[in-house]
Amino acid sequence: MQIATATENTRIGLNIQLDRAKTLRERNRLGQFATPPKLALDIVDLGKTLLPEERKIHFLDPAFGTGAFYSALLQRFPQEQILSATGYEIDHHYGNGAIQLWCETDLKLEIADFTQIPSPTKAQVNLLLCNPPYARHHHLSREQKQRLQQATIQHTGIKLSGLAGLHCHFLCLTDAWMQEGGLAVWLMPSGFMDVNYGQPIKDYLINRTTLLRIHRFDPTEVQFEDALVSSAVLCFKKAIPPTGHTVCFSEGGSLTFPLRSRQVCLAELRTTPKWTQLGVTSNHSQPPEKKSRQKAAVNAQDTLVDGLIPENLTQPKNCSLKLSDLFTIKRGLATGANHFFILTPEQISQHQLPAAFLQPILPSPRYLQVNEITADAEGNPQIERQLYLLNCTLPEEDLPEQYPHLWHYLQQGKAQGIHTRYLCRHRSPWYTQEKRPPAPLLCTYMGRTSRHRESPFRLLLNHSRATAPNVYLMLYPKPHMASVTQEHPEILKTLWQAFARISPQEFITEGRVYGGGLYKLEPKELGNARLPAFINSLFSWDSVLSH
Ligand SMILES: C[S@@+](CC[C@H](N)C(=O)[O-])C[C@H]1O[C@@H](n2cnc3c(N)ncnc32)[C@H](O)[C@@H]1O
């Protein structure tokens with residue numbers, strides 16, 4: 001993925017160079033305004049939270065340009081997860097540069113007019129990301145309009161008015177490419193939400209897709225430096241919406257951290273002619289009577305996106321969930337003498353310590369290269385620095401006979417005075433440890449902000465049976481949440497990804513800052529951190545919160 005970042009820098013340079021070689025009028029005609037790299041990453045991140053974890057990806061960008069989305073995809077997904085990637089670009093000017101840039105990847109990029117490509121016989125795409133050309137209808141000739149209208153009717157049965165721009169036809173035409181259940185994220189001018197010619201598109205979104213999210217950027221903050229367009233991100237799954245389905249409408253801020261959001265039910269969408277006037281004024285969910293109707297109607301097989309959270313968890317109670325709503329947070333364990341109680345495999349074999357009293361424990365975060373800790377068949381973390389915690393509850397007098405090697409090791413500890421240390425002295429027996437079962441989610445307890453203003457804290461997803469020392473905070477699902485995660489372990493991953501998007505500001509205001517920009521976070525402070533509002537469109541929390 002590092003290579004992908006390097007290639008992205010080259011792509012950005014190439015795009016600037018190619019843009020400069022054209023006049024603004026020429027670029028306007030074909031809607032040649034590239035997606036800002038950060039927004040492309042946000043869009044891919046949104047897609048990532050909605051796709052099942054291991055889902056192999058068949059990607060399409062029908063208006064490829066130099067490949068802002070493809071590049072973001074490669075930065076966010078391992079290459080082996082991307083089974084196919086297809087792009088279309090009408091203009092050689094951008095297309096040739098892109099073909100050269102991506103020649104060492106498996107991308108199939110065709111220089112062609114996407115609207116004239118026959119639909120595939122078998123719909124294969126399950127991730128479509130597109131910033132379509134925004135060519136308004138008066139840039140289209142009468143012949144072009146007729147051809148587009150016919151193609152759209154023929155492929156999708158949708159009749160678009162002559163006032164619809166090229167981007168509207170793009171959206172409809174891709175329907176035939178999308179696999180059932182596939183996910184599409186579009187960066188669109190937000191006009192279609194309000195104008196008459198947008199109605200067939202809104203009907204399509206309401207009736208033939210499961211519309212998941214519409215985020216409108218603040219119209220005063222244009223997304224493209226060189227195009228005055230107010231934009232929206234539109235995210236849907238190709239599937240008939242489940243009963244009681246609601247859509248997350250968000251506004252302002254960024255896609256990842258919107259300023260406002262609201263769940264809107266389809267009935268409200270049907271009766272609201274202008275979707276930009278839905279009144280996304282605060283983070284409130286819908287009125288209670290709608291909630292209860294949904295509760296009654298939900299069906300265990302309804303999912304937002306395959307593999308994601310089942311709808312039978314009903315609707316969100318409040319739009320700014322705190323971590324402590326879902327998790328009990330505890331400091332990792334303090335042994336009182338790490339050098340004595342935390343051992344390497346070599347030390348264990350040297351002292352012949354019995355496996356029954358050893359549990360894997362995570363090393364300091366600086367030894368962890370990754371934030372997702374996988375496990376081997378025995379539940380040991382697959383990390384370079386393997387460590388084990390010595391923990392025994394048996395009384396000391398039982399040990400010489402039953403576990404002579406352990407007893408001998410403890411005697412060595414006593415000779416060093418370990419048993420008289422404060423924490424050991426207050427435990428009985430002195431070598432027993434606090435109860436800290438493995439936690440599925442962990443957060444580092446202290447950290448520094450980087451120059452890129454990233455969060456000073458790391459959030460880890462732990463699949464192993466390793467416990468953790470007190471340089472971590474351990475997040476244990478609250479009882480009802482635990483039963484939900486047991487049934488649907490994939491929730492944890494989605495949550496973890498959502499955690500990673502918690503604004504650094506949330507942590508920084510909660511945690512305490514020490515000299516040299518060092519931040520520390522106590523369990524209660526972490527518990528107060530709010531999850532980004534967008535996750536309300538992914539999860540339904542009432543049943544978890546009501547316990
Ligand atoms: C808004 S740009 C998006 C480029 C790139 N995907 C991105 O997000 O930065 C739209 C691209 O679609 C291309 N385009 C315009 N009409 C097209 C068509 N009929 N078929 C394929 N590509 C087209 C333009 O040349 C332009 O590169």
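A few notes on this one:
- Cβ-Cβ distances below 8 Å connect no pair with a first residue in region 369-386 that is exposed (fewer than 10 other Cβ atoms within 10 Å of the Cβ), a second residue that is at pLDDT 95 or above and among the small types (G, A, S), and a separation of six or more residues or different chains.
- The residue of region 45-75 that is nearest to the ligand (Cβ to nearest atom), among those that are out of contact with any strand residue (DSSP E or B) (no Cβ under 7 Å at 6 or more places or on another chain) and assigned to a helix (DSSP H, G or I), is A68.
- Here S84 fulfils each of the conditions (1) surrounded by fewer than 21 Cβ atoms within 10 Å (Cβ to Cβ); (2) part of a loop (DSSP other than H, G, I, E, B) apart from (2).
- Hits in region 132-154 - residues which are within 14 Å of the ligand (Cβ to nearest atom) and of a type in the set (K, R): R136, K145, R147
- Residues of region 2-41 satisfying the condition of being basic (K, R), farther than 30 Å from S141 by Cα and away from the ligand (no atom under 11 Å from the Cβ): K38
- Residue match in region 173-187 (condition: touching a residue at least 12 places away in the same chain (Cβ under 8 Å) and assigned to a loop (DSSP other than H, G, I, E, B)): no
Conditions (1) part of a helix (DSSP H, G or I); (2) of a type in the set (V, I, T); (3) modelled with pLDDT of 95 or more, marked per residue:
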{"position": "T335", "(1), (2), (3)": "no, yes, yes"}
{"position": "I348", "(1), (2), (3)": "yes, yes, yes"}
{"position": "A377", "(1), (2), (3)": "no, no, no"}
{"position": "E384", "(1), (2), (3)": "no, no, no"}
{"position": "L389", "(1), (2), (3)": "no, no, yes"}
{"position": "H405", "(1), (2), (3)": "yes, no, yes"}
{"position": "L410", "(1), (2), (3)": "yes, no, yes"}
{"position": "A415", "(1), (2), (3)": "yes, no, yes"}
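- Looking across region 146-167, the residues that are out of contact with any strand residue (DSSP E or B) (no Cβ under 9 Å at 6 or more places or on another chain), assigned to a helix (DSSP H, G or I) and either within 16 Å of N207 (Cβ to Cβ) or not charged (D, E, K, R) (or both) come down to Q146, L148, Q149, Q150, A151, T152, I153, Q154, H155, T156, L166.
- Of the helices (runs of 4 or more DSSP H) lying entirely inside region 489-533, those carrying at least 1 residues that are modelled with pLDDT of 75 or more and more than 21 Å from M446 (Cβ to Cβ) are 490-499.
- First in region 31-52 and of a type in the set (D, E, K, R), second anywhere and more than 15 Å from the ligand (Cβ to nearest atom) and at pLDDT below 90, Cβ under 8 Å, 6 or more apart: D42/S254; D42/T256; D45/T256; D45/Q497; D45/R501; K48/Q497
- Figure legend. Inter-residue proximity from region 325-349: first residues in the same structural domain as P477 (by TED's automatic domain parsing), second residues among the acidic types (D, E) and crowded, with 20+ Cβ neighbours inside 10 Å, beta-carbon distance below 6 Å, spacing 6+ or different chains. No pairs are indicated.
- Residues in region 76-98 that are within 13 Å of the ligand (Cβ to nearest atom) and of a type in the set (A, V, I, L, M, F, W, C) were compared, and the one that is nearest to G31 (Cα to Cα) is I90.
- A count restricted to region 102-131 and to residues that are more than 20 Å from I57 (Cβ to Cβ) and either within 12 Å of the ligand (Cβ to nearest atom) or aliphatic (A, V, I, L, M) (or both) stands at 6.
- Residues that are of a type in the set (D, E, K, R), under 21 Å from L128 (Cβ atoms) and part of a strand (DSSP E or B), drawn from region 232-253: K237
- Scan of region 46-81 for residues that are over 21 Å from C235 (Cα atoms) and buried (at least 20 other Cβ atoms within 10 Å of the Cβ), ordered by number: T66
The values are calculated or read from the model by the stated rules, or taken from the named source; none is laboratory data. Because the structure is a prediction, the values reported are computed rather than measured. As a convention, Cβ positions derive from the backbone with ideal geometry for all residues, glycine included, and neighbour counts pool all protein chains shown.
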